[in-house]
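Encoded as structure tokens, the structure appears first; notes follow it.
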Amino acid sequence: MTILEQARQIARQSLEQGRAQGVLGLREAEGGVSPHLFEDPSDIDSLVVEPKWLLAKLATGILKGLPADYRLAVLCRGCDERAIVELIKRNQIDGEKIHVIGLACTKEQARACLCTRPYPSEVAVGDVVEGVDPFQDERARTFLEGDQRERMIRWATELRRCVKCYGCRNSCPICVCVPCKLEDDLWVGRGEIPADLISFHLIRAFHLCDTCVACGACQDACPENIPLMLLQISMRASLVEKYGYEAGTDRERRSPLLSDLTKEPSPGCEVPGWMDSLGDSA
Amino acid sequence: MGNRISHGVEGHRQGERRAPKVIVFACRWCALIGADGAGKKRVQLPLDFRVIPVECAARVEPDSIIRAFSYGIEGVGVLGCHLGGCRYHNANHRAIKRLDLLKKLLATVGIDSGRLLTSFGTGHEYHQFAGILKDFFQELRGLPPLDEWARAATIDAIKV
Amino acid sequence: MASKRKAICILCRCYGEISDVIDLDSLKDMLTDHPSVSSVEILDCLCLEAVEGLSEKIRQSGTGKALIAACSPIARGDSILRGLEQRGLNPADLELVDIREGCAWIHKDYSKGATGKAWDLINMGLASLVRREGSEDATTLVRHEVMVVGAGPAGLAAAASLGQLGIKVHLVERSKRPGGMLNLISRVAPDETSPGEKLAPYLKEVEENAGITYYPLARIASAEGTVGNFAIRLQVDGTEHMIHAGAVIIATGAQALLPQGLYRYKELEGVLSAIELERHLKAGPVKARRIVFIQCVAARDQARPYCAAICCPVSLKNAMGLRKGNPEAEVYILHRDIICPGSTLEQYYRRTMAEGIRFIRFEEQNPPVIEGTDHVQAVRVYDAATGIMRELDADMVVLSTPLSARRDTHGLARMLGLTRDHLGFFEVQPLMHPVETTVPGIFICGSARWPVLAGRAITQGEAAAMKAFCLVSGQEIAALGLSQFRGEKFAIARVDREACTGCGNCVHICPYEACTLEPVNGASKSRVDPMHCTGCGTCVAVCPNGSIQLPEQDAQVIGEMLMQSFS
């Protein structure tokens, strides 16, 4: 059975067996692909699983308008599920109402996103492939490591093309705030293009430092192809290294940045004694 | 503290360059006392720093640090109490963790992470406060000016 | 919300200390044009002006808002502000800018630069003043009753003190008899009084004072409410009691650690834990003729890197007790250090040496070895002072272990919101608040906090009683006044309900667990408990869109200050 056939079968069964009242997925229609809420099993024939498209934010929105007992199945890739988990933790979605149908990405898709975890927690459709280490990618490395000045020029050259379309913010599944700091003149300066190179992009990037699920929606949405995903990579790696924390992989565990050092179960992060914080001047 | 990369001929115009501007977020329980102490002892300090007092270093938002850099402020210091000494029940742990992560982001985009000075517990005494500040200015003077970051956008783009 | 009310600027010359460096006249000229300034005045010396006059000047200037540019808050600044507040000025309308310690005194040779810096600092101050608001206070009525949990020496002392002060006390005890750990020991260190004698005055007060109710065999079933009015349900021997208390004092003590698996404990007869020795000593003279104490058992090591500070005085006391019962007994104390701080304990230590008790120091990496087949026969120890391996005949070995945190107080901790350190002891407010926990209205004394001898437990009990008394003796408690510092809290966090997304960052980061999420119209919104909030601002830094703020210094203020910082 192909991946598409697998996906359609499971989606159809979810509806027929009453596990969900609706399946949120992608539909091929009128020569294009768009997100669609499948409620009739006979519609499933038009369900597709390509291209990569995040449904987490859409799920959050439509659940608000659906009856309280509605169970929504969502056809999710790994990143999409991680986004849903983060939204559950942040009280934007009721976890009881969502049922994830896990879709694994192919090797090509993993490489295209430089994804370290191209699969959801439970895989119903497709086969699990190994993740990719972004630090092994030549192009990514030029944005993450190496000569500082060259890197600075590289980033400045990319970011100066920003036309402040807010596509990155709008498409990010985690970004839900109204009002949003990125629209505040005091913080990012309004009425200028390109956006202030430092404040707009770094404020946005750091707001997501511990909730970014590396879905790449920001990058996919950017009309100027700015490699926005790469802003997050070093921070994500640091959280894994210091605290064993990866956003979206645990429904209970909140960001380690919120807790006391003595309470956080952190591999490789010892509780420093008070003398340690004095550094060399002790 | 941060990467130090020699920049050769470009980027560092000693003569015409203005002194780096510095913002210091000082927690009222140690750093502010250190600053006050330095004043009482008449320790002479560089002119170009401004202190913003806060109740606790944990109050300092990363957004304000980033905004300071975007205004051309070359260095931001966050001075708090030592681990175990926070008057607000270890609130400073959160600050330490958060600022460490912010340094990673700054480093990624080529803003030297040494521009964000974090000092927890070493600013309480007058000579400590003065020493930290003077060292910070010294370090910042060794870095290329921050506005070069923005001007870099007009330098010939490297083929990506 | 930025206020349109203008402020009077008062600049202090400080008799030349400021004005010799900073050109106050040109500052005055520039400030007069400032949109947020109504008038400017230069005074020779602010602190010597009668605060009365100053407050009048501010009131008469029109708006009652004032920016004072003078010395640092630590110098005279804070006391001037407090003086103005006492004369009825709103603290939210006052801003202090330090241009002496923070400018004139550190840049004395750079008049132009210092004047420019002072201009920036004053502008930053005005930016803060314009947006500054006062936090809303919250008050609660307070019950003049206190619940004391635990009737050991600490709890008894606390209950007796409060009773004497006329406060109604509910003394709750898990077991039948009061006395706690003192019921298990032979004599109290270092004065060698009997436990009964030590506790007698407190027991008497508890018995005779009608305001003190003693509940033995009690269990706490639930605890709700907050400072001023805690509602606690007690199960006492089958009956349920509902207690309402304005404050709670925790005096649950600690437990003796048994030296499981160490020094052949339970393997050989004659190897005892210190608490078992107490039992023998209570029964009468101990027959053993050669007793060896080993100190620092299961303490000052990797797992427990602390000194419990009571085991040395206790061993000295027990050694003396053994000699008293059997003057022929040979007593050795093998130690890594003898910890007897203070003059009383030092004198006691010398007395034990004079008594003939012998001390041998060993090192951590070379612990003593116990010898014997069914019963202990000897102890081999490497004497660190002389470098000689000693073999001591012994028919009793006593292992001194520390007290460790009780394992049966988890439920209590959870119900009351108490936090524990990594060793399991309850935490107190940091730095110089030895009897106040991180939960307002809940105090702590005795070994529940850290192992202490009975004398200190009693002192702490009395201290906790005084703190509780100060809290419950009034009519009302105001949230802003519940600061652990002198004066009031800096602020109480405020949530903009509309903007709040319910993400819960503030809930999880608050060191005092002051934020909770409430369901509002199908969404979650954060709510701040004003009694618990201390105004530290930790929540503000992690709120993604600035919904939670400190009215005295919100995020926008910082942004504005940055904009004004370098003109």
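Each value in this text was obtained by applying a stated rule to the coordinates, not by laboratory testing. Just so it is clear, the model here is predicted, and its values are computed rather than measured. FYI the Cβ positions are ideal-geometry reconstructions off the backbone, even for glycines, and counts take in every protein chain you see.
May I ask for the equivalent-ellipsoid semi-axes of region A:134-243, computed as the square root of five times each C-alpha gyration tensor eigenvalue and listed largest first in whole Å? Intermediate results must be reported in sequence, preceding the final value.
Details: eigenvalues 98, 62, 32 Å².
Output for region A:134-243: semi-axes of 22, 18, 13 Å.
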Practice prompt. Among C:Trp105, C:Leu562, C:Ile275, flag the residue with its Cα farthest along the positive direction of the charge dipole of chain C, charges on Cβ as +1 for Lys/Arg and -1 for Asp/Glu.
Written response: C:Ile275
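At a Förster radius of 41 Å, what calculated FRET efficiency corresponds to the Cβ-Cβ distance of C:Ser194 and B:Glu125, to the nearest 0.05?
Working: r = 49 Å, r/R0 = 1.21.
So, using R0 = 41 Å, E works out to roughly 0.25.
What's the FRET efficiency of C:Ser483 with C:Ala210 using the Cβ-Cβ distance as r and R₀ = 41 Å, to the nearest 0.05? Before the final figure, lay out the partial values.
Details: r = 35 Å, r/R0 = 0.85.
Here the calculated transfer efficiency is 0.70.
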Worksheet, complete the sentence: Computed over the Cα atoms of chain C, the Rg and Dmax in Å are 31.0, 95
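What is the antiparallel percent of DSSP beta bridges lying wholly in the protein assembly as shown, to the nearest 5? Numbers along the way, then the final one.
On the way: 52 of 125 bridges.
Percentage antiparallel, nearest 5: 40.
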Worksheet item: Among C:Trp450, C:Trp119, C:Trp105, what is the fewest-to-most ranking by other Cβ atoms within 10 Å?
Response: C:Trp119, C:Trp450, C:Trp105
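Quantify how much of the Cα-Cα distance distribution of region C:443-494 extends past 15 Å, in percent. Spell out each step's value before the answer.
Details: 782 of 1326 pairs.
Every Cα pair in region C:443-494 considered, those over 15 Å come to 59 percent.
Can you bin region C:261-370 into rounded, prolate or oblate? Criterion: square roots of the alpha carbon gyration tensor eigenvalues sorted a ≥ b ≥ c, rounded for a/c under 1.5, prolate for a/b above b/c, oblate for the rest.
On the way: a/c = 1.66, a/b = 1.11, b/c = 1.50.
The shape class here is oblate.
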Fill in: Alpha-carbon centroids, region C:424-442 and region A:193-215: separation in whole Å
39
Discussion item. If I take every Cα pair under 8 Å that is 6 or more residues apart in chain C, average their sequence separation and divide by the length, what percent do I get for the relative contact order?
Written reply: 15
Worksheet, complete the sentence: Computed for region C:494-551: size of charge dipole around the Cα centre, +1 on C-beta of each Lys and Arg, -1 on C-beta of each Asp and Glu, debye to nearest 20, value 60
Worksheet item: What's the average, rounded to a whole number, of partner chain beta-carbon atoms within 10 Å of each residue's beta-carbon in C:285-294?
Response: 0
Worksheet entry | Approximate spin-label separation A:Arg190-C:Arg59, in nm, with each point projected 7 Å along Cα-to-Cβ | 4.2
Worksheet item: Given +1 on the Cβ of Lys and Arg, -1 on the Cβ of Asp and Glu, and no further charges, what dipole in debye does chain A carry about its Cα centre, rounded to the nearest 20?
Response: 400
Worksheet item: Mind checking Rg over Rh on region A:27-90, alpha carbons, Kirkwood formula for Rh?
Response: 0.97
Worksheet item: If the label point is 7 Å along Cα→Cβ of C:Tyr15, which residues in region C:57-98 have backbone nitrogen under 18 Å from it?
Response: C:70-72, C:75-77, C:80
Worksheet entry | C:Ser79-A:Ser42 pseudo-label distance in nm [points 7 Å out on the Cα-to-Cβ vector] | 8.9
Discussion item. Below 8 Å between Cα atoms, with a sequence gap of 6+, how large is the relative contact order for region B:39-142 in percent?
Written reply: 33
Practice prompt. Excluding residues fewer than 8 places away in the same chain, name every one of the lysines whose C-alpha is closer than 17 Å to that of C:Lys198.
Written response: C:Lys282, C:Lys317
Discussion item. Using the Kirkwood radius over C-alpha pairs as Rh, can you work out the diffusion coefficient of chain A via Stokes-Einstein at 10 °C, viscosity 1.306 mPa s, in µm² per second?
Written reply: 77
Worksheet item: In the protein assembly as shown, how does Rg compare with the Kirkwood Rh, expressed as the Rg/Rh ratio over alpha carbon atoms?
Response: 1.02
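Given 0.36 nm per residue, what is the gain on full extension from C:Thr32 to C:Asp109 after removing their alpha carbon distance, in nm? Let's see the in-between values first.
On the way: separation 77, 0.36 × 77 = 27.72 nm, distance 2.67 nm.
Between C:Thr32 and C:Asp109, full extension yields 25.1 nm more.
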Discussion item. Need the C-alpha centroid separation for region A:233-257 versus region C:239-299, integer Å.
Written reply: 43
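Fewest Cβ neighbours within 10 Å first, please rank B:Val76, C:Val540, C:Val520 accordingly.
On the way: B:Val76 27, C:Val540 24, C:Val520 13.
Fewest to most other Cβ atoms nearby, the residues stand as C:Val520, C:Val540, B:Val76.
What FRET efficiency comes out for C:Met563 versus A:Ser121 if R0 is 56 angstrom and r is the Cβ-Cβ distance? Round to the nearest 0.05.
0.75
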Practice prompt. Using +1 at the Cβ of each Lys and Arg and -1 at the Cβ of each Asp and Glu in the protein assembly as shown, identify which of C:Ala251, C:Ala189, A:Ile226 lies farthest towards the dipole's positive end.
Written response: C:Ala189
Fill in: Angle in degrees between helix C:111-131 and the longest Cα principal axis of chain C, rounded to the nearest 10
80
Item to complete: Can you grab the distance from the C-alpha centre of region C:34-84 to the C-alpha centre of region A:104-147, Å, no decimals?
Response: 62
Worksheet item: Roughly what angle does helix C:274-283 make with the longest principal axis of chain C, taking Cα atoms, 0 to 90 degrees, to the nearest 10?
Response: 60
Fill in: Contact order relative to length of region A:135-258, as percent, for alpha carbon pairs under 8 angstrom and 6 or more apart
24
Response to the item:
When the charge dipole of chain C is computed with +1 on Lys and Arg Cβ and -1 on Asp and Glu Cβ about the Cα centre, the Cα farthest towards its positive end, among C:Gly53, C:Cys445, C:Ala499, belongs to C:Cys445
Fill in: Shielding by partners, peptide A:187-197 (average Cβ within 10 angstrom, other chains)
3
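Let me know the mean shielding of A:252-258 by other chains, meaning the per-residue number of their Cβ atoms within 10 Å of its Cβ.
Details: counts 0, 0, 6, 6, 3, 13, 13.
The shielding value for this peptide is 6.
If packing is taken as the average number of other Cβ atoms within 10 Å across a peptide's residues, how do C:335-346, C:303-314 rank, most packed first? Show your work: numbers first, answer last.
Values: C:335-346: 14.4, C:303-314: 18.8.
With the highest mean Cβ count within 10 Å placed first, the list reads C:303-314, C:335-346.
Let me make sure I get this right: for region B:39-142, a, b and c are the square roots of the gyration tensor eigenvalues over alpha carbons, sorted descending. Under 1.5 in a/c it's rounded, otherwise prolate if a/b > b/c, else oblate. Which is it?
Working: a/c = 1.79, a/b = 1.04, b/c = 1.72.
Verdict is oblate for region B:39-142.
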Item to complete: Based solely on C-alpha atoms, express the radius of gyration and the Dmax of region C:7-134 in angstrom.
Response: 13.3, 40
Worksheet entry | Where a label projected 7 Å from the Cα of C:Asn183 along Cα→Cβ would reach, residues of region C:272-295 with amide N under 19 Å | C:275-283
Worksheet item: Going by how many other beta carbons lie within 10 Å of each one, how would you line up A:Phe143, C:Phe425, fewest first?
Response: C:Phe425, A:Phe143
Worksheet item: Angle, helix A:56-65 long axis vs. longest principal axis of chain A, Cα atoms, 0 to 90°, nearest 10?
Response: 60
